[in-house]
Structures are given as structure tokens and as C-alpha cells.
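J.: The structure follows.
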Amino acid sequence: MIKKQYNPDVLSCLANLSNDEVFTPPELANSMLDLLPQELFKNPNMTFLDPACKSGVFLREIAKRLIAGLKDEIPDEQERINHIFTKQLFGISITEMTGMLSRRSVYCTKHANGKYSVCTKFKDEHGNIIFNNVKHTFKDGRCVFCGASQTEYDRGEELESHAYQFIHTLNAEEIFKMKFDVIISNPPYQLSDGGGTGSSAMPIYQYFVEAAIKLAPRYVVMITPSRWFAGGKGLDDFRDKMLKSEHISTMIDYANSADCFPGVIIAGGVNYFLWEREYSGKCLVVNKKGEQTVSAVLRSLNENEVFVRDNLAIEIIRKIKAVSKTFIDSIVSSRNSFNIISKEEGHKDYYKDDYILFSLKGKSFISREAVTDRDNLVDKYKVIMTKAMSGGNKPSSDGSYLVISNTFKVLSPGDVCTETYLCLGCYTDYEKAKNLKQYLATKFFRFLLLQALTSINISKEKFLFVPIQDFTDNSDIYWWQSINDIDKQLYKKYNLTQEEINFIESMIRPMEG
């Protein structure tokens, strides 16, 4: 019955549903399980926990491995099944419905003690896959455990609270009153905080990772969005802890989330990792594209402030740092340099002393009184670009990126822009501004910017890998040449190999216009 009832096609279909709580395809669950020492599945004393059950796929696939691995240890099949399901496999579902779905996947019935359950030893319908309708604990308008907004999640009994039990307790070990050897999961990724969705929503997956590590199991395996590589909203402390940890022995990284979750787009891609309590050292970083392993390198995760996911990119950045010591992030102005919101469209008619305003609607005029010249930029030439990544951080069909839109330009003295744009550099000399604009169009510039981006938002600190050039006419770069020729000069300046050049050229699309 075990062999016939476990049908991965059903859970593969569920995995294609686009949701903040993304279901895990069986193939992916097994790839994650492959990171673990396989002798674990031959040990009748090993215990496994999924603290965020959705389809039950992790527990189901673990059960299949244990049933095969313990055949010699416990020859009687029913006795072996009873032992595995009652003593070794445990789960906490994220909703009442996913609890029933998980029990159906694992026990072959939504009632663990039902007539058709493959385990004959459970005394209640939940078995070892439980769901408790936990509530948020609000203080000053926010949940003290996950930060959820009280206005969004202070709900009645008829609605899901999304207060996940594993992260809404001070003592997670008391849930089952036991220790676990392995904690494995694909946790919920985010909650709405009333301010937006997608990358602007509030991440919560980091709480599951931290709670799992706090329990000090032998192993933790989890898959999460890769936005934490660069920190950001609610993730800075988590990033620092993860990058400084020497317990992460393996990390499998996918720049394109669709390679893991078909039909689901997660900006910045996804990764899964193996955390080992008894391990201390460098991490094997594996770059994947589809089913292909592009590269695998043993390296320190905290070599840079931002985790650079690509192994070949790391080598390129090292070469650049050996030549250049100053970087573009030091000259980029902070967000909203002129204190003009993105929705501002200005007015069509010019009045005395108006500034020229650039917004998404084009060129218009705005009164001086409406402008704050915080960084003393108004009277200089300014190079601006949109602060949203072109294409929403999604690669084209060939896996290449544009990175920035082709709307970047040089603003003259007396010109200002809305917060839609970033000011990358300002000069009293137009030629320097023009040359910086040329630099933005190069594949070299955009490739290095891409290494720090894990969402669609581009901010000052994302330029930390892009070296400043001499933008004068006396520069070692001939800025009057074509963009392609400027790229060639930059490749030569930093001693890039043909493999590294080909890598950049294949990853970054040429600018149009």
C-alpha cells in the first residue's frame, strides 16, 4: 500500500500553485534530503521534524527512505511502519487544511487513526502531524514573535491567523517535548504588513531558520528566498548571523526560482542549505541552472558584506578589488535626493525660477519651494537612473539580464527628479557626467551591480562592487568609443580571462538605443 499510494504527481501539481506559502515539488524535497548523511535513514533512533507542513512531502519522502533503510533492522513491514510513523516522523502544519493534506500524504488518510491509515498505532486523528490555532501576541501594534501588523492579523476565529506555532513560542522544544536530529522544511516566506506584497512584504522565513537552529538538532535543511543574501527589510541581522556562521556546510543556489518551483517567480531566486551542528568550516557553494551544476566551490560566506552567490563572479570581484580601491556606492546619493515623491508630475507651464522636473511622466516643471536640495545637487550635472531593476530581477529566456532600464540620463544644472530615480554621481564638468553615463551602459558595470541585487529595488549600497573610474579625458579608458569597446578596455584593465569575459557577456544583455 505504501508503494502504490504515494503518488508524487499530485504534490507536483500542488507545487505549481503560486503563493507566499509555496508547495514543495517531490523532486526538490528529495534533492534536499540528499544533502543529509544517508546512514541516518538506517537508524531507528533518528527523529525528523517539519515545522511548516503544507503537503507533507518531506515527511512522506523521509518515510519512504526509512521504510527501505530499516528493513534489516525491523523486518516486519507493519511493525517497521508503525515505528517510523510513531517514533521518528513529526510535523507541525501551517493551517488546519494543510494538516489534513499532510496526513493524507503521509498516513494515506486525513485521520491518522482512521480505517485506512498505514499506521495502526495512533490513538487520535492527528497522529504526529499537529495543528494548533495559535494567535499572535500583539504589543504596540506588532506581534512580538513575528512582527505581524495588528491591523492586518488581529482576526476572528473564522479566519486563519497565520501565527505559525513553531515561531510563536519561547520554547519550541515543548511542542513535542523532545529533541530532534533533523529539522527540514520549506517555511512560509512572508506576511503582508499593509504596505505591499512581494519584495515589499515582511519576510518571516528567517524566524523558522533561527528557531530550528536554536533547538540545536544535528542537521537543519531549509529552502528560502535568496533575498537575505543582501539583507534589507527585516533581514540584516539574519544575514549577518548566516554569513558569519561556520556551520553551513553546503548551499545550493538557484538564481532562477522557476528551476525549483515551476510557474512561481520569486525575485532574487531561492537557495537551500545544510546546517550541521558538529561542522565548522567553509561552505560548499553550488550554483545551479535548471538541473545543471554550473560550479561548486568551497569558500567563506562572509568574504564580502553582501553574499555573492556566483562562484565565478567572486573571482572577478577579487581581481577588481586588487586594482581599484574606491567604488560607486561612495558617490551615489541617498534615496529621494530632492524630496519629491514618485507620483509628482509637476506642471506644464513654466513660472519664474522653476526647476525642470523629470518623472515617469516625462519632463515638466516644479517650483523651487517644492524641492529640497539635501545633497547640493541642483546646480550640478547629475547622472540618474531608475531605482527599480529592469525586468523585475527576472532573467530572459536565455538567462541573461538587462539589470537597469535604458532611461538613465544626465540632468543639467537646474534639473531635478522624483524619487523614482537615483542620482549616481554629480559634477561641475559635463564631460565627467557624460562619461559616467557611458559607464552605466557597459556590461561590466551592470554585471557588478547585479551581484548585489536580490530584489527589484536598487539602492546606494548595491553599487559596492562597481569600481569608480577616472571620468576625465585623461583617463586610461577612452570614453568616446562604443560601449562594446569600453567593455573591452575594462576587461583588459582588470585582467579578466576569456572565461570570465564570456561569463559576463552571456549574463548581461546589451543596452538598446
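J.: May I ask you to list the residues in segment 354-382 that are part of a strand (DSSP E or B) and open to solvent by 40 Å² or more (accessible area, probe 1.4 Å)? Spell out the reasoning first.
T.: The initial filter retains those residues of segment 354-382 that are part of a strand (DSSP E or B), namely 355-359, 362-366, 381-382.
Within segment 354-382, Ile356, Lys363, Phe365, Tyr381 meet the criteria.
J.: So which residues in segment 45-73 are within 22 Å of Arg104 (Cβ to Cβ), over 25 Å from the mean Cα position of the chain (by Cα) and either part of a strand (DSSP E or B) or without any contact (Cβ under 8 Å) to a residue 24 or more places away in the chain (or both)?
T.: Listed by number, the list holds a single entry, Phe48.
J.: Can you name the number of the only condition in (1) open to solvent by 60 Å² or more (accessible area, probe 1.4 Å); (2) not in a strand (DSSP E or B) that Phe338 fails?
T.: (1) is the only condition that Phe338 fails.
J.: A further question on this structure: If a residue counts only when it is touching a residue at least 60 places away in the same chain (Cβ under 8 Å), under 28 Å from Val378 (Cβ atoms) and of a type in the set (A, V, I, L, M), which helices (runs of 4 or more DSSP H) contained entirely in segment 414-513 have at least 1 such residues? Let's see the steps before the verdict.
T.: Values: elements: 430-441, 443-450, 483-493, 498-507.
Result: 430-441.
J.: Sticking with this one: Can you tell me which residue is farthest from the chain's Cα centre (by Cα) among those in segment 298-346 that are over 26 Å from Ile508 (Cβ atoms) and of a type in the set (D, E, K, R)?
T.: First, pick out the residues of segment 298-346 that are over 26 Å from Ile508 (Cβ atoms): 298, 300, 302, 334, 336-346.
Still in the running and of a type in the set (D, E, K, R): 343-345.
Working: Lys343: 28, Glu344: 31, Glu345: 34 Å.
Here the answer is Glu345.
J.: Cβ-Cβ under 7 Å, sequence separation 6+ or interchain: first residue in segment 318-345 and of a type in the set (Asp, Glu), partner open to solvent by 70 Å² or more (accessible area, probe 1.4 Å) and in a loop (DSSP other than H, G, I, E, B). Which pairs?
T.: Qualifying pairs under 7 Å: Glu345/Lys361.
Quick grid of which residues meet (1) open to solvent by less than 30 Å² (accessible area, probe 1.4 Å); (2) farther than 19 Å from Asn406 by Cα; (3) of a type outside the set (Ser, Thr, Tyr):
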residue	(1), (2), (3)
Thr472	no, yes, no
Tyr478	no, yes, no
Ile483	no, no, yes
Leu490	yes, yes, yes
Glu499	no, yes, yes
Ile504	yes, no, yes
Pro510	no, no, yes
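J.: Has segment 105-120 got any residue that is over 18 Å from Ala63 (Cβ atoms), open to solvent by 10 Å² or more (accessible area, probe 1.4 Å) and either among the charged types (D, E, K, R) or at pLDDT below 95 (or both)? Spell out the reasoning first.
T.: Initially, segment 105-120 is screened for residues over 18 Å from Ala63 (Cβ atoms), giving 115.
Filter once more, keeping what is open to solvent by 10 Å² or more (accessible area, probe 1.4 Å): 115.
Then keep just the ones that are either among the charged types (D, E, K, R) or at pLDDT below 95 (or both); that gives 115.
Among the residues of segment 105-120, at least one is over 18 Å from Ala63 (Cβ atoms), open to solvent by 10 Å² or more (accessible area, probe 1.4 Å) and either among the charged types (D, E, K, R) or at pLDDT below 95 (or both), which makes the answer yes.
J.: Report those strands (runs of 3 or more DSSP E) wholly inside segment 240-298 carrying at least 2 residues which are on the phi > 0 side of the Ramachandran plot and surrounded by 20 or more Cβ atoms within 10 Å (Cβ to Cβ).
T.: Working: elements: 248-254, 270-276, 283-289.
Passing ranges: none, list empty.
J.: Moving to a separate point now. Pick from Val416, Val403: which is modelled with pLDDT of 95 or more and either under 29 Å from Ile356 (Cβ atoms) or basic (Lys, Arg) (or both)? Let's see the steps before the verdict.
T.: Numbers: Val403 fails: modelled with pLDDT of 95 or more.
After applying the criteria, what remains is Val416.
J.: A further question on this structure: Filtering segment 310-335 down to residues that are among the charged types (D, E, K, R) and modelled with pLDDT of 90 or more, which residue is surrounded by the fewest Cβ atoms within 10 Å (Cβ to Cβ)? Even if it seems obvious, please write down each step before you answer.
T.: If we filter segment 310-335 for residues that are among the charged types (D, E, K, R), which is where we start, we get 310, 315, 318-319, 321, 325, 329, 335.
Subset that is modelled with pLDDT of 90 or more: 310, 315, 318-319, 321, 325, 329.
Numbers: Asp310: 21, Glu315: 17, Arg318: 12, Lys319: 16, Lys321: 14, Lys325: 8, Asp329: 17.
Within segment 310-335, the match that is surrounded by the fewest Cβ atoms within 10 Å (Cβ to Cβ) is Lys325.
J.: Output the number of residues of segment 201-223 satisfying the condition of being part of a strand (DSSP E or B), closer than 19 Å to Leu35 by Cα and open to solvent by 10 Å² or more (accessible area, probe 1.4 Å). Break it down into steps so the answer makes sense when it comes.
T.: Narrowing segment 201-223 to residues part of a strand (DSSP E or B): 202-203, 219-223.
Then drop every residue that is not closer than 19 Å to Leu35 by Cα, which leaves 219-223.
Keeping just the survivors that are open to solvent by 10 Å² or more (accessible area, probe 1.4 Å) gives 219.
Within segment 201-223, residues that are part of a strand (DSSP E or B), closer than 19 Å to Leu35 by Cα and open to solvent by 10 Å² or more (accessible area, probe 1.4 Å) number 1.
J.: What do you reckon, is Ser226 in contact (Cβ under 8 Å) with a residue 60 or more places away in the chain, closer than 28 Å to Lys460 by Cβ and either surrounded by fewer than 19 Cβ atoms within 10 Å (Cβ to Cβ) or among the hydroxyl-bearing types (Ser, Thr, Tyr) (or both)?
T.: On the way: in contact (Cβ under 8 Å) with a residue 60 or more places away in the chain: yes; closer than 28 Å to Lys460 by Cβ: yes; either surrounded by fewer than 19 Cβ atoms within 10 Å (Cβ to Cβ) or among the hydroxyl-bearing types (Ser, Thr, Tyr) (or both): yes.
Yes, satisfied.
J.: So for segment 174-189 (the condition being outside any helix (DSSP H, G or I), buried (at least 16 other Cβ atoms within 10 Å of the Cβ), at pLDDT 95 or above and among the charged types (D, E, K, R)), does at least one residue qualify?
T.: There is at least one residue in segment 174-189 that is outside any helix (DSSP H, G or I), buried (at least 16 other Cβ atoms within 10 Å of the Cβ), at pLDDT 95 or above and among the charged types (D, E, K, R).
J.: Continuing with the same structure: State which residue is most open to solvent (accessible area, probe 1.4 Å) when the search covers only segment 126-164 and only residues that are outside any loop (DSSP other than H, G, I, E, B) and at pLDDT 95 or above.
T.: Going residue by residue through segment 126-164, those that are outside any loop (DSSP other than H, G, I, E, B) are 129-130, 138-139, 142-143, 149-153.
Imposing the further condition that a residue be at pLDDT 95 or above reduces the set to 129-130.
Numbers: Ile129: 1, Ile130: 31 Å².
Ranking the qualifying residues of segment 126-164, first place goes to Ile130.
J.: OK, next. Can you pull out the residues in segment 31-45 that are surrounded by 15 or more Cβ atoms within 10 Å (Cβ to Cβ), of a type outside the set (Ser, Thr, Tyr) and touching a strand residue (DSSP E or B) at 6+ places or on another chain (Cβ under 9 Å)?
T.: Those that are surrounded by 15 or more Cβ atoms within 10 Å (Cβ to Cβ), of a type outside the set (Ser, Thr, Tyr) and touching a strand residue (DSSP E or B) at 6+ places or on another chain (Cβ under 9 Å): Met32, Leu33, Leu35, Leu36, Leu40.
J.: Follow-up. Can you tell me which of (1) surrounded by fewer than 23 Cβ atoms within 10 Å (Cβ to Cβ); (2) touching a helix residue (DSSP H, G or I) at 6+ places or on another chain (Cβ under 8 Å); (3) under 30 Å from Ile265 (Cβ atoms) is the one Ile404 doesn't meet?
T.: Failed condition: (1).
J.: Are any residues in segment 383-413 touching a residue at least 24 places away in the same chain (Cβ under 8 Å), within 32 Å of the chain's Cα centre (by Cα) and part of a strand (DSSP E or B), and if so, which ones?
T.: Val383, Ile384, Met385, Thr386, Ala388, Tyr401, Val403, Lys409, listed by residue number.
The values are calculated or read from the model by the stated rules, or taken from the named source; none is laboratory data. The shown structure was predicted, so the numbers you read here are calculated from the model rather than taken from an experiment. Methodologically, a virtual Cβ is constructed for each residue, glycine included, from the backbone with ideal geometry; neighbour enumeration extends over all protein chains shown. Surface areas here come from the heavy atoms of the whole protein model, side chains and all, with no ligands, DNA or RNA. Shrake-Rupley method; radii C 1.70, N 1.55, O 1.52, S 1.80 Å.
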